[in-house]
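Have a look at the structure below before the remarks.
The values are calculated or read from the model by the stated rules, or taken from the named source; none is laboratory data. Keep in mind that what you see is a predicted model, and the values were worked out from it rather than measured. Virtual Cβ from ideal backbone geometry, glycine too; neighbours counted across all protein chains shown. Just the protein is used for accessible areas: all its heavy atoms, side chains included, with ligands, DNA and RNA removed. Shrake-Rupley method; radii C 1.70, N 1.55, O 1.52, S 1.80 Å.
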Amino acid sequence: MGFKKATKQNATIKLAISGPSGSGKTYSALLLAKGLGGKTALLDTEYGSASLYADRFDFDTWDEQDPKGFPPEYFIRVINAAEEAGYNNLIIDSLSHEWSGRGGCLELADAVARTECKGNTYTAWKKITPRHDRLIETIVSAKINIIATMRAKTEYVLNKDERSGKSTPQKVGMGTVQRDGMDYEFTLMFELDRDSHLASAGKDRTSMFQDPEIISEETGKKILNWLSEPQPVTV
């Protein structure tokens, strides 16, 4: 036993994509998975919307719904199933449902507070947080690539045209719909602009994405090459 040199042998990417509705999260996730190569599975919490791209990408969808909605254990089960089935990539579209969807953590905490804790939300969260943390642990420790999309809270801001002097409203993302700090659990997190579809790296342990870019299949290949580099990992 003892110590050994750290390398990226058998490393996988844990990647998140955040953006408002219409920014291209699902399409970008599929492009990244194609670039990473191998077999791709997809958990679709968006009522089958990802299957609209079935003529452009080769992927399998998870078809077992949970009657309880989207509790953390549902996502854990799908991640484990994808790993056991030999997939190389799993797209979770979207992870926001685990937090704010039907049966997600917010609903679970509210139900526990009402039925078990006499309205005490602090005590309720002591029961729900470990369930959420187990999902994070499952994502981080998974032996396959995981690409998770997350909705961004949106707000309208006024942009003034310097030449015309006119102001027009623009829809912008204002943070992800997930528990605070969730983005820190990923190796790489892209934030998509709704209008330009440019991806900016909000967190980047690869140090490859200093400037905004349009996500493409080549982006996935670039990440794959980084995972395959033989040199020691730097922290």
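Some observations on this one:
- Any hit, the range 112-124, residues being of a type in the set (Phe, Trp, Tyr), part of a helix (DSSP H, G or I) and crowded, with 19+ Cβ neighbours inside 10 Å: no
- Considering the range 125-145, and only residues there that are surrounded by 14 or more Cβ atoms within 10 Å (Cβ to Cβ), touching a strand residue (DSSP E or B) at 6+ places or on another chain (Cβ under 7 Å) and aliphatic (A, V, I, L, M), the residue that is farthest from Glu185 (Cα to Cα) turns out to be Ile144.
- Filtered residues of the range 76-123 (kept if closer than 15 Å to Arg151 by Cβ, of a type outside the set (A, V, I, L, M) and touching a residue at least 60 places away in the same chain (Cβ under 8 Å)): Asp93, Ser94, Ser96, Glu98, Trp99, Ser100, Cys105
- Candidates in the range 175-228 are the residues that are aliphatic (A, V, I, L, M) and assigned to a loop (DSSP other than H, G, I, E, B); of these, the one that is least open to solvent (accessible area, probe 1.4 Å) is Ile215.
- All positions within the range 26-73 that are open to solvent by 40 Å² or more (accessible area, probe 1.4 Å), closer than 23 Å to Leu198 by Cα and part of a loop (DSSP other than H, G, I, E, B): Glu46, Arg56
- Residues being within 24 Å of Ala81 (Cβ to Cβ) and free of Cβ contacts under 8 Å to residues at least 60 places away in the same chain - total across the range 134-157: 3
- Check on Ile146, modelled with pLDDT of 95 or more and more than 17 Å from the chain's Cα centre (by Cα): no
- Filter pass, Arg163 being surrounded by fewer than 19 Cβ atoms within 10 Å (Cβ to Cβ), part of a helix (DSSP H, G or I), without any contact (Cβ under 8 Å) to a residue 24 or more places away in the chain and of a type in the set (Lys, Arg): no
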